[in-house]
Structures are given as structure tokens and as C-alpha cells.
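First up is the structure itself, then whatever we jot down about it.
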Amino acid sequence: MGALLDVILPVFLVMGFGYVAAWKLGLSEKTVDALMTFAQGFAFPVMLFRGISRLHLGETFDPAMLGAFYIGVIVGFFAGLIGARYIFKRPWEDSVAVAFAAAFSNGGLLGLPITERAYGADALAFNYAIIAFHAPFVYTLAVTAMEIVRAEGRSAAATAFSVVKSMLKNPFVIGIGLGAFVNVTGLPVPATVSGAVDMIASAAIPVALVGLGGVLYRYRPEGDLKLAAWIAGVSLLLHPATVLGLSQLFGLAEGPTRSAVLMAAMAPGINAYVFANMYSVAKRVAATAVLVGTALSVFTVWFWLGVLG
């Protein structure tokens, strides 16, 4: 019960404030969009830049941890894809959007604050190592699948170019790439710039949580609940269970195991809706899956925290 009260609920209360503010306190859709634009397009990339630029690469980039997490991502992606296509009989384009939602856990907005509250700020180094590849990996997987589905005779080179172009415009990828460049080259960051980066990065999580609450109010469940439940099951149970099993198989230490499993156990991120909206497919089911998964994750994250100790 302590984990639920002290670790999980404060994060969801901030999100709940955003939901209530949009519902009853006059927080407009335009303001919610502005909050999410700031958080996702600027503050979070800055936070990722800070985290990646300051990582001790030899200590946190554990190949076994990354392997466990991203094999779990692949398992989740194909479970979502196959389930949507062959169980729920959705078109291939919709199925790719469903697969993205099943594979893209909300490690940034939820995984970071919950890990920090559960295990302290020092534990976040492993989370940042995972996040460094998260958006590029899942977007590459899903964009490639979608471009193949939509290829319609287009050459492999043209499809590859479309994938790369989509990736290079992603703010998360830009922040991660710049952070990696500073880390690898040892390029000094002036104290004044570093201070500004810290100020912006500190706003990322609370602003994003309030904005996410407003977004979840806007996209209330409107059908597709069975498919949304399938996505939630893959995201909240299958993905973390796969990562935990592989972590034990690979002999991971306690720290990287905790970070990898918790990052995998988060609800589908709002990027699931962003991806669906980008291709104008399965938008309603993506939004519903984010809402349903986020609500259920209050209890499933509590379960995984109990498993991890």
C-alpha cells in the first residue's frame, strides 16, 4: 500500500489535476495543446539532452538490459499487430497503429517520475539509457511497417528515405542525438547554458502530466474497448513480464532490472495517438488505449513494484 500512496498516486494526482482542469476549471483545448507542444516539442527533448549528455556510458549502457527491454518491445509490437489484424480483423494500417500503441510504453511522462519516487534519482541513469533508444527504435519499427504497408509499388530506397525523413524531424530524436554528441565528444557546456537547461528540464514532467490529463479528458472512451483492452494487456502485462523474464535469464543486476521492468510496465504513451494521427488511422482506438491503459496502470504498476521489491 505504501508504494501506491507514496510512489504512484502523486504522479497520477498531477495528471488528474489536468483532467479535472479540462473538465471543470476551464482549461481549454488550445491551452492543453500548448502545454503538450511545449512539453513534447521542447521541454522533454531538453531533459533528454541533459540526461544523455551527462550519462556515464560505461556504467549505464548495459547491453543485456537494453536487449531485454527491446526484445520486449518487439514482442509487444508483434502481439499488437497480430492481435489487431487476425483477432479483431482490422486493416493493416490500423494494425500498425495498434502495434505502436502496444509497444510504446510511456517511459518519459510516467516511467521517470515513478522510478525516481520508488528508487531515487540515481536510478534514473538506467532509464535514460533506455530512453536514448526508445523513440528512435519504436518509431523506426512502426514507420517502416507503415511505409511498407503503404508502399504501393514504391521502391525500397524511397521507403527508406521516407522513414529517415520522419525520424529526423522527431524532437525526441533531436534531443537525444545532441545529448549523445556532447557526451561522446566531451564538448563543454557553459554554466549559464547548463543552468537554463536545468530550468527547462525541471518543467518537463509536471507540465507534461498536466497536459496529458487534459488530453485524456478530450479523448474519452468511445468504443473499441475490446481492442483497447488488448493493447493494455500487451503493454501493462506482456511487455514487463517478457522483460523481467529476460532480465533474469541474462543475469541482470537489481538496478537495471528495476528500471527496465518499470519502463516496460508503463501505459501506452500519448505518442500512440500522435502516431495514429500522423497517418490518420485508428485514432479513436489509440486515444482510448492511452486512457484505459493509464487508468489500469495505477494498479498494474503497483503490482510490478511489489514484484520488484
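The values are calculated or read from the model by the stated rules, or taken from the named source; none is laboratory data. Because the structure is a prediction, the values reported are computed rather than measured. Positions of Cβ are backbone-derived with ideal geometry, glycine not excepted, and every protein chain shown enters the neighbour counts.
Details
- Unmet requirement for residue 168, which otherwise passes all of (1) surrounded by fewer than 16 Cβ atoms within 10 Å (Cβ to Cβ); (2) modelled with pLDDT of 85 or more; (3) not basic (Lys, Arg): (2)
- Just one of the numbered conditions (1) modelled with pLDDT under 95; (2) surrounded by 14 or more Cβ atoms within 10 Å (Cβ to Cβ); (3) assigned to a helix (DSSP H, G or I) is not true of residue 195: (2).
- Flag for residue 246 being farther than 18 Å from residue 104 by Cβ and of a type in the set (A, V, I, L, M, F, W, C): yes
- Test: residue 244 is among the aliphatic types (A, V, I, L, M) and surrounded by fewer than 18 Cβ atoms within 10 Å (Cβ to Cβ): no
- Selection of first residues in the stretch 210-228 that are within 17 Å of residue 98 (Cα to Cα) and of second residues that are at pLDDT 85 or above and aromatic (Phe, Trp, Tyr), restricted to Cβ pairs under 8 Å at least 6 apart or on distinct chains, gives the following pairs, ordered by first then second residue: 226/88; 227/88.
- In the stretch 268-290, the residues that are out of contact with any Asp or Glu (no Cβ under 7 Å at 6 or more places or on another chain) and buried (at least 24 other Cβ atoms within 10 Å of the Cβ): 268, 269, 270, 271, 272, 273, 275, 276, 286, 287, 289, 290
- Residue 289 touching a strand residue (DSSP E or B) at 6+ places or on another chain (Cβ under 7 Å) and at pLDDT 90 or above: no
- When the stretch 247-267 is filtered for residues that are surrounded by fewer than 23 Cβ atoms within 10 Å (Cβ to Cβ), under 13 Å from residue 308 (Cα atoms) and small (Gly, Ala, Ser), the ones remaining, listed by number, are 253, 255.
- Where a residue in the stretch 13-29 is farther than 20 Å from residue 297 by Cβ and its partner, wherever it lies, is modelled with pLDDT under 90 and not in a helix (DSSP H, G or I), with Cβ under 7 Å and at least six apart: 21/27
- Any hit, the stretch 3-10, residues being under 18 Å from residue 271 (Cα atoms) and either at pLDDT below 85 or not basic (Lys, Arg) (or both): no
- Residues of the stretch 76-107 that are basic (Lys, Arg), outside any helix (DSSP H, G or I) and farther than 29 Å from residue 211 by Cβ: 89 alone.
- In the stretch 210-231, the residues that are of a type in the set (Asp, Glu) and modelled with pLDDT of 75 or more: 224
- Residue in the stretch 103-110 that is modelled with pLDDT of 85 or more, of a type in the set (Gly, Ala, Ser) and in contact with a strand residue (DSSP E or B) (Cβ under 8 Å, 6 or more places away or on another chain) present: yes
- When the criteria are applied in full, residue 115 fails the requirement of being under 17 Å from the mean Cα position of the chain (by Cα), touching a residue at least 24 places away in the same chain (Cβ under 8 Å) and more than 30 Å from residue 13 (Cα to Cα).
- Once the stretch 26-49 is narrowed to residues that are surrounded by fewer than 20 Cβ atoms within 10 Å (Cβ to Cβ) and not in a helix (DSSP H, G or I), the residue that is nearest to the chain's Cα centre (by Cα) is 28.
- Qualifying residue in the stretch 296-309 (condition: over 21 Å from residue 10 (Cβ atoms) and buried (at least 24 other Cβ atoms within 10 Å of the Cβ)): no
- Where residue 55 falls short, out of the listed (1) outside any helix (DSSP H, G or I); (2) surrounded by fewer than 17 Cβ atoms within 10 Å (Cβ to Cβ): (2)
- For the stretch 237-292, residues that are over 24 Å from residue 214 (Cα atoms) and not in a helix (DSSP H, G or I) total 3.
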